[in-house]
Amino acid sequence: MSGIIQFLLLVSATVASEPSNPACSKYDYEEKMLERMIRMEFAFEKLGEKVEQNLNNIKDEKERFRSDVDVMKEQEERKLASLMKEVERNQSSTLNKVVTDSKNSLEQMNAAFSNIQEQIATPLVYFHAHSPQTSILSTGEVIVYKTVEANQGNGYSSTTGKFTAPVRGFYLCFMHTCTATNKIAYLQMVKDGSVLTASKQYGNGVSSCSSSQAFAWLDAWETVWVQCSTGHQNRQVYEGHPHYWTSFGGALINNVRV
Ligand SMILES: *[C@@H]1O[C@H](CO)[C@@H](O)[C@H](O)[C@H]1NC(C)=O
């Protein structure tokens, strides 16, 4: 403001050298000039105040803007954090889903596998019986083995001495025949009457045993048994000797028809 005053003084000094107005006092012109100067100064002051006011307004705006920016920043940070949490949740739920899905499909596969296994697995069918009902054998006589050791599938009958296939398949059957000293046994293993295998068991001066085996394709309900091919008073088998078991047995090996 002192600059303006100096300027005013300079102006008033210059103006003072001009010819005076005769109607007024000697200093009339100067006074008027001074008055105008003061008004200008006042106006300048007002202007300054306004500028200051504006500057303050700008400062306030800036503050408001800064706080707005801070608020927005906070909001964005919160949004980002919650988005990240959601991504995390989604990832873990996706992972859970993957784990559950693969567990389910594994269980389904296991079930399907068990099903297939059941379908293709050979059922457990086997039997073993010993101790013939009679020792003296007559021609055509079916040997009835009375003591049943095993009868999985219930194919063997200790009443008839016959094995009836509970399921169709490929079987292996055996007969084990023991005779006392100088006794003879002529035996056959037959499938519904047709011979699968035949044997003569004889011990010259000793008790002895021999075995015969036969494969047989059997349909369900087809039967296998052991019979005497040639009977005689001297044609005998051991009935129930603890060391000389005369026995008959068999097992299903495969139930897939090739
Ligand atoms: C999270 O999963 C939901 C439902 O599937 C989905 O709408 C949303 O967009 C996912 N969010 C992200 C961040 O991937």
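Just so you know, all these numbers are worked out from the coordinates, no wet-lab data involved. Because the structure is a prediction, the values reported are computed rather than measured. No Cβ is skipped: glycine too gets one built from the backbone with ideal geometry, and neighbour counts run over all protein chains shown.
A Förster radius of 45 Å, combined with the Cβ-Cβ distance separating Tyr27 from Glu63, puts the computed FRET efficiency at roughly 0.30.
Of Trp217, Trp225, Trp245, the sequence from fewest to most neighbouring Cβ atoms within 10 angstrom is Trp217, Trp245, Trp225.
Here Met72, Met40, Met33, Met175 are placed in order of increasing Cβ neighbour count within 10 Å, fewest first, which gives Met72, Met40, Met33, Met175.
When the chain is described by a simple charge dipole with +1 on each Lys and Arg Cβ and -1 on each Asp and Glu Cβ, the residue from Val71, Thr100, Tyr29 located farthest towards its positive end is Thr100. The relative contact order of the chain comes to 20 percent, based on Cα pairs under 8 Å that sit 6 or more residues apart.
Taking amide H atoms as placed 1.01 Å from N in the peptide plane, the amide H of Leu196 lies under 5 Å from those of Met189, Val190, Lys191, each 5 or more residues away in sequence or on another chain. The angle separating the long axis of helix 2-16 from the principal Cα axis of greatest extent in the chain is about 30 degrees.
Near Thr230, once Lys and Arg are set to +1 and Asp and Glu to -1 for all other residues with Cβ below 12 Å from its Cβ, the sum equals +1. The string of couplings for the range 28-44 from the Karplus curve (6.51, -1.76, 1.60, θ = phi - 60°) is 4, 4, 4, 4, 4, 4, 4, 4, 4, 4, 4, 4, 4, 4, 4, 4, 4 Hz, one whole number per residue in order, with x for Gly and Pro. Over the Cα atoms of the range 40-120, each weighted equally, I'd like the Debye log10 I(q)/I(0) at q = 0.12, 0.22, 0.24 Å⁻¹, rounded to two decimals. Taking Cα atoms of the range 40-120 as identical point scatterers yields -0.69, -0.99, -1.03.
Each distinct pair of alpha carbons in the chain adds a 1/r term; the inverse of their mean, the Kirkwood radius, is 28.9 Å. Here's how it looks for Ile143: its modeled amide H is under 5 Å from those of Val226, Gln227, Cys228, which are all 5 or more places away or on a different chain. When the helices of the chain are scored as -39500 (n - 2.57) per DSSP H run of n ≥ 4 and the total is divided over every residue, the value at 222 nm lands at -15500 deg cm²/dmol.
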